[in-house]
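Engineer: The structure that follows is given in the form of structure tokens.
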Amino acid sequence: MTVQLLGVYREWRFSPGVHAAGDAAILELTQAALEGAGYRTALIAPECLSAQLPAARVVFAMCQSLEALTVLQQWEQQGILVLNTPAAVRACYRLALVATLNKATLPCPRSAVIPLGEAAVLPPWPPFPDHTAGCWVKRGDVHAMQPDDVVFVRHAAAWQQQLASFTERGIRHAVVQEHITGQEIKFYAVRDRGVLHCFAPHDAGPLQVDPARLNALALQAGEVLGLDIYGGDCILTPDGALYLVDVNDWPSFRGCRELAAQHIARHVLAQAHQRKLL
């Protein structure tokens, strides 16, 4: 029987440590939800992608490498529906994300891109002269693949050390983001449905955020980046301001995978039926 929908796992290098199992789980639960709705599906590793078009006309993919995204973009150009789209996944690469959010009207911490390399002149500390609460230094290409890819820096020595470490590892750009004091909130969302789940990863107390405000910010972020299945991080300040700090394409949906898989499957099927691909 012909496969109608094809799922693509995330590359292992983009699912470090404990994240690998969670990333695989949400994809497999989505497959189960699609099959429960009566559709034939298959899952493959991104390394198995090729220029040859698959039998499936609909692809739900977690892969993030440029090699895999290039293949998926070729499929997309030949009429296959791919969610998230390759363009949306690329928009979540760190440099592209910073550029897009800086241009948008979304409330975000100030961020700047720092070129790295042997000939690069590293900026002095602090990177934002009027800001003394410290800053976050992040690798400038993809999201964190190991613990020291995102580091909180409080003083000049640590600032120089982190930039030098990135340079030694061959990372060509760093992103520096001002630190915003407040409650960190993680959210998971699906386009048209909004926020499915949110929680404070470092705070045992209750969330103080207005769900409607968080939902509106999440939907706006997804729209700006073109994402269908995504998550993000926000900061709620003591005075009630809500800042968007980061956005991720297709996260693991920790704490709500069963629910998320149902909503993801419904969204994929709705988009496919809208395009008359199923």
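Engineer: All other residues with a Cβ under 15 Å from the Cβ of THR2 taken together, and with Lys, Arg as +1 and Asp, Glu as -1, what is their net charge?
Structural biologist: Net charge around THR2: +1.
Engineer: If the cut-off is 17 Å between C-alpha atoms, which aspartates and glutamates fall inside it for LYS276, apart from same-chain ones fewer than 8 positions away?
Structural biologist: Within the straight-line cut-off, LYS276 pairs with GLU76.
Engineer: Given bins 10 angstrom wide, list per bin the percent of all Cα-Cα distances in the stretch 30-165, short to long.
Structural biologist: 10, 30, 26, 19, 12, 3
Engineer: Right, something else. Which lysines, if any, have their Cα less than 30 Å from the Cα of LYS103, not counting same-chain residues under 8 positions apart?
Structural biologist: Qualifying lysines at Cα under 30 Å: LYS138, LYS186.
Engineer: Turning to a different aspect of this structure: So for the chain, taking the charge dipole from beta-carbon charges (+1 Lys/Arg, -1 Asp/Glu), which of LEU97, VAL150, PRO201 sits furthest toward the positive end?
Structural biologist: Result: LEU97, furthest along the dipole toward the positive end.
Engineer: So which trypsin sites (Lys or Arg not before Pro) in the stretch 79-124 pass both tests, a DSSP loop state and at most 14 other Cβ atoms within 10 Å of the Cβ?
Structural biologist: Listed in order of number, the matching sites are ARG110.
Engineer: Here is a follow-up. Can you list, largest first and rounded to whole Å, the semi-axes you get for the stretch 183-249 by taking the square root of 5 times each eigenvalue of its Cα gyration tensor? Don't skip to the end; give the middle numbers.
Structural biologist: Working: eigenvalues 76, 26, 21 Å².
That gives 19, 11, 10 Å for the three semi-axes.
Engineer: Would you mind getting the Kirkwood hydrodynamic radius of the chain from its Cα pairs, rounded to one decimal in Å?
Structural biologist: Computed over Cα pairs of the chain, the Kirkwood hydrodynamic radius comes out at 19.8 Å.
Engineer: From the backbone phi of the stretch 230-237, what are the Karplus-calculated ³J(HN,Hα) couplings (6.51 cos²θ - 1.76 cosθ + 1.60, θ = phi - 60°) in whole Hz, Gly and Pro given as x?
Structural biologist: Residue by residue, the stretch 230-237 yields 6, x, x, 10, 10, 10, 9, 7 Hz.
Engineer: Kindly put CYS256, CYS92 in sequence by how many other C-beta atoms sit within 10 Å of each C-beta, fewest to most.
Structural biologist: Values: CYS256 15, CYS92 23.
Ascending number of Cβ neighbours within 10 Å: CYS256, CYS92.
Engineer: Follow-up. So who's got an amide H within less than 5 Å of the one on VAL245, skipping anything under 5 residues away but keeping other chains? H placed 1.01 Å off N, in plane.
Structural biologist: ASP233, CYS234, ILE235
Engineer: Separate question: Rank the residues TRP125, TRP136 as a footprinting-exposure proxy: fewest other Cβ atoms within 10 Å of their Cβ go first.
Structural biologist: Lowest to highest Cβ neighbour count: TRP125, TRP136.
Engineer: About the Cα centre of the chain, how large is the charge dipole given +1 on each Lys and Arg Cβ and -1 on each Asp and Glu Cβ? Please answer in debye to the nearest 20.
Structural biologist: Dipole magnitude for the chain comes out near 540 debye.
Engineer: Which distance in Å, rounded to a whole number, links the C-alpha centroids of the stretch 180-240 and the stretch 85-146?
Structural biologist: The two parts, judged by their Cα centres, are 20 Å apart.
Engineer: Another question, then. Please state, to two decimals, what the Cα-based radius of gyration of the stretch 122-218 comes to when divided by 2.2 N^0.38 Å (N = residues).
Structural biologist: Ratio of Cα Rg to 2.2 N^0.38 Å: 1.31.
Engineer: What does the net charge come to around ARG193 if you take all other residues with beta carbon closer than 14 Å to its beta carbon, with K and R at +1 and D and E at -1? Numbers along the way, then the final one.
Structural biologist: Numbers: positive: ARG191, ARG266; negative: ASP192, GLU223, ASP228.
Around ARG193, the surrounding residues sum to -1.
Engineer: Let's test this: bin the Cα-Cα distances of the stretch 1-79 at 10 Å from zero up to the farthest pair and state each bin's percent.
Structural biologist: 18, 50, 29, 3
Engineer: Output the direction-averaged projected area (hull surface divided by four) of the convex hull of the alpha-carbon atoms of the stretch 110-178, in nm².
Structural biologist: So the Cα hull casts an average projection of 4.2 nm².
Engineer: Using only helices, what value at 222 nm comes out for the chain when you add -39,500 (n - 2.57) per DSSP H run of length 4 or more and divide by the total residues, to the nearest 500 deg cm²/dmol?
Structural biologist: Only helices count here, giving -10500 deg cm²/dmol.
Engineer: Just add up the charged neighbours of PRO127: K/R +1, D/E -1, any other residue whose Cβ is under 14 Å from the Cβ of PRO127. The partial results should precede the final answer.
Structural biologist: Numbers: positive: ARG110, LYS138, ARG154; negative: ASP130, GLU178.
With Lys, Arg at +1 and Asp, Glu at -1, the net is +1.
No lab work stands behind these numbers, since they all come straight from the coordinates. Note that the structure is predicted; figures quoted are calculated from it, not measured. For neighbour counting, all protein chains shown are included, and Cβ atoms are generated from backbone atoms with ideal geometry for every residue, glycine included.
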